[in-house]
Amino acid sequence: MGNSQKKGLSREILDDLKVNTKFTEAEIMQSYENFQKQCPSGLISQDQFVEIYIRCFPDSDAKSYAQHVFRSFDTNNDETLDFKEYIVALHMTSSTKTALKLEWAFSLFDVDKNGYITKTEVCELCQAIFNLIPKDKLEDLPNDENTAEKRAEKLWTIFGKKDNERLAEGEFIEGVSSSQVALRLIQYDSK
């Protein structure tokens, strides 16, 4: 995936994106033009991505969460996002399909990319998500969710796992799909 695409978008990548995303050829080509204007090298570094994300959450500490989001999209682990990774990321995060979003959420929580989630990883992501909540909104949280640690403990309890056990993707998707509380805890909704 780490193609820098300096001489235009290859037919192979275009066809792959048409098949594997909701975007039309025209939308992909327009996105490619915009991507090239913003990133002439054809790549977005983690630092650039984090800066963009921080601008989206000006009243929060979004750095840690942005780093996790970047990691989940950097599928070839080269510490950059190329156009294909960028479009797939847009597709996954803008999809109306719950299963697709939950697959992405699993990859976000699977910090070490080993195919399982541990309680430590849940704690790490819950802290990053908690940091997105503006300080003036913290007082509105229920008492059992007013710290990152409490939120992580509540989420882990929903999955029914012991502290030293792991959670597979199917278990994660099933647990979040069957619990509105879990669904709320794995994301930050500014509404």
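Annotations
- Cβ-to-Cβ counts within 10 Å put L125, L102 in ascending order as L102, L125, the fewest first.
- Candidate values [x] 17.7, 55; [y] 16.8, 49; [z] 20.4, 66, label of the one derived for Rg and Dmax of the Cα atoms in Å: [x]
- Axis of helix 83-94 versus longest Cα principal axis of the chain: the two differ by about 40°, to the nearest ten degrees.
- Among D136, D59, D144: highest mean-square fluctuation, GNM of the chain, C-alpha pairs under 10 Å: D136
- Relative contact order of the chain: 20 percent, from C-alpha pairs under 8 Å at least 6 residues apart in sequence.
- Rounded to the nearest whole Hz, the Karplus-based 3J(HN,Hα) values (6.51 cos²θ - 1.76 cosθ + 1.60, θ = phi - 60°) of region 63-77 follow the sequence 4, 4, 4, 4, 5, 5, 4, 4, 4, 5, 8, 7, 5, 9, 6, with x at glycine and proline.
- Distance between region 1-72 and region 113-170 - C-alpha centres, whole angstrom: 28
- Fluctuation leader among K137, K18, K161 - the chain, Gaussian network, Cα springs under 10 angstrom: K137
- Dipole in debye (nearest 20) - region 12-94, about Cα centre, beta carbon charges: Lys, Arg +1; Asp, Glu -1: 220
- Rel. contact order, % - alpha carbon contacts under 8 angstrom, at least six apart, region 12-94: 33
- Scalar couplings 3J(HN,Hα) for region 47-55, obtained by applying the Karplus form with A = 6.51, B = -1.76, C = 1.60 to θ = phi - 60°, are 4, 4, 4, 4, 4, 4, 5, 4, 5 Hz; x denotes Gly and Pro.
- In the chain, a dipole from Cβ-located charges (positive for Lys and Arg, negative for Asp and Glu) runs towards its positive end, and of Q48, L125, F35 it is F35 whose Cα lies farthest in that direction.
- GNM top mover of K162, K150, K63 - the chain, alpha-carbon springs below 10 Å: K162
- Each Cα pair under 8 Å and six or more residues apart adds its separation to the average, and for region 98-185 the resulting relative contact order is 34 percent.
- Computed from Cα atoms, the angle from the helix 25-38 axis to the main principal axis of the chain rounds to 90 degrees.
Coordinate-derived values only; no laboratory data. Computed from a predicted model, the values in this text were never measured in an experiment. Please note: Cβ atoms are built from the backbone with ideal geometry, for glycine as well, and neighbour counts cover all protein chains shown.
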